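**Q** Okay, handing you the structure first.
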Amino acid sequence: MYSMQKRSGNRRSVVAKLSLPPITRSVVYEHPPARVWRALTDPDLLAGWLMRPVGFVPAIGTHFEFRADPAPGFDGIVRCEVVECMPPSADGHASLAYHWQGGPMKRPTLVRWTLAPMDTANGVATRVDLSHSGFDGFDVLIARAVLGLGWRRLLVRQLRTALDALASTT
């Protein structure tokens, strides 16, 4: 969404503000919610499919970092804080959310994971909904585009591969 705002005072100027829609992805995995939750919250597993977490504990208020190799415009560090953590309940529903700030983003965005169990012909599966929101301003246009492509690859390939490997060891 694009909006124009006038400033009051002696000077009349126009300020543009750009609010971008959230990145959303939904994927169904043929794995139970507890296994998916483990892949989202176990630091060793996260390092294998997302980035290496430093100081991560799935508890509200935890400040942590994701670390990766630096790239142009990105120092390799994403600073985060857990703001929501609801492990799988008896019915299998779960959610995890953290503020995410890295690269050119001057303000934190919000990454939210929602897990919902599903019955399938092969047994229990889990629908994972990812929402990455809070992209405001022209300075995050490219970062949002890069993250959108990255989340797709991570969910479709890397998380699925991690879950399959985890299933073969448990």
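The values are calculated or read from the model by the stated rules, or taken from the named source; none is laboratory data. Bear in mind that the values here come from a model prediction, so they are computed numbers and not experimental data. Glycine also receives a Cβ, built like all others from the backbone with ideal geometry; neighbour counts cover every protein chain displayed. To get the accessible areas, we keep the full protein, side chains included, count just its heavy atoms, and leave off ligands, DNA and RNA. Shrake-Rupley method; radii C 1.70, N 1.55, O 1.52, S 1.80 Å.
**Q** Run T161 past the list (1) touching a Lys or Arg at 6+ places or on another chain (Cβ under 9 Å); (2) β-branched (V, I, T); (3) surrounded by fewer than 15 Cβ atoms within 10 Å (Cβ to Cβ) and report the number of the one that doesn't hold.
**A** (1)
**Q** Across region 36-70, what is the total count of residues that are touching a residue at least 40 places away in the same chain (Cβ under 8 Å) and open to solvent by less than 60 Å² (accessible area, probe 1.4 Å)? Steps first, please.
**A** Looking only at region 36-70, we keep the residues that are touching a residue at least 40 places away in the same chain (Cβ under 8 Å), and these are 36-41, 45, 48-50.
Filter once more, keeping what is open to solvent by less than 60 Å² (accessible area, probe 1.4 Å): 36-37, 39-41, 45, 49-50.
Qualifying residue count for the region: 8.
**Q** Within region 103-124, which residues are open to solvent by less than 40 Å² (accessible area, probe 1.4 Å) and aliphatic (A, V, I, L, M)?
**A** So in region 103-124, the residues open to solvent by less than 40 Å² (accessible area, probe 1.4 Å) come out as 103, 105, 109-111, 113, 115-116, 123.
Result: M105, L110, V111, L115, A116.
**Q** Check whether at least one residue in region 131-154 is touching a helix residue (DSSP H, G or I) at 6+ places or on another chain (Cβ under 7 Å), under 17 Å from S26 (Cα atoms), assigned to a helix (DSSP H, G or I) and open to solvent by less than 40 Å² (accessible area, probe 1.4 Å), and report yes or no.
**A** Step one: of region 131-154, the residues touching a helix residue (DSSP H, G or I) at 6+ places or on another chain (Cβ under 7 Å) are 132, 135, 154.
Restricting the remaining residues to those that are under 17 Å from S26 (Cα atoms) gives 132, 154.
Right, trim to assigned to a helix (DSSP H, G or I) and you get 154.
Pick out the ones that are also open to solvent by less than 40 Å² (accessible area, probe 1.4 Å) and you get 154.
The answer is yes, given that some residue of region 131-154 is touching a helix residue (DSSP H, G or I) at 6+ places or on another chain (Cβ under 7 Å), under 17 Å from S26 (Cα atoms), assigned to a helix (DSSP H, G or I) and open to solvent by less than 40 Å² (accessible area, probe 1.4 Å).
**Q** For region 57-76, check the following and say yes or no: at least one residue is small (G, A, S), out of contact with any Gly (no Cβ under 9 Å at 6 or more places or on another chain) and farther than 17 Å from D139 by Cβ. Steps first, answer last, please.
**A** First, the residues of region 57-76 that are small (G, A, S): 59, 61, 68, 71, 73, 76.
Now narrow it down to the ones that are out of contact with any Gly (no Cβ under 9 Å at 6 or more places or on another chain): 59, 61.
So of that shortlist, the ones also farther than 17 Å from D139 by Cβ come out as 59, 61.
Yes; the residues of region 57-76 include at least one that is small (G, A, S), out of contact with any Gly (no Cβ under 9 Å at 6 or more places or on another chain) and farther than 17 Å from D139 by Cβ.
**Q** Sticking with this structure for a sec: Considering only region 19-35, I want to know if a residue exists there that is open to solvent by less than 40 Å² (accessible area, probe 1.4 Å), modelled with pLDDT under 95 and under 20 Å from A143 (Cβ atoms).
**A** Yes: region 19-35 contains one or more residues that are open to solvent by less than 40 Å² (accessible area, probe 1.4 Å), modelled with pLDDT under 95 and under 20 Å from A143 (Cβ atoms).
**Q** R127: open to solvent by 40 Å² or more (accessible area, probe 1.4 Å), at pLDDT below 95 and of a type in the set (K, R), yes or no?
**A** Values: open to solvent by 40 Å² or more (accessible area, probe 1.4 Å): yes; at pLDDT below 95: no; of a type in the set (K, R): yes.
Answer is no for this residue.
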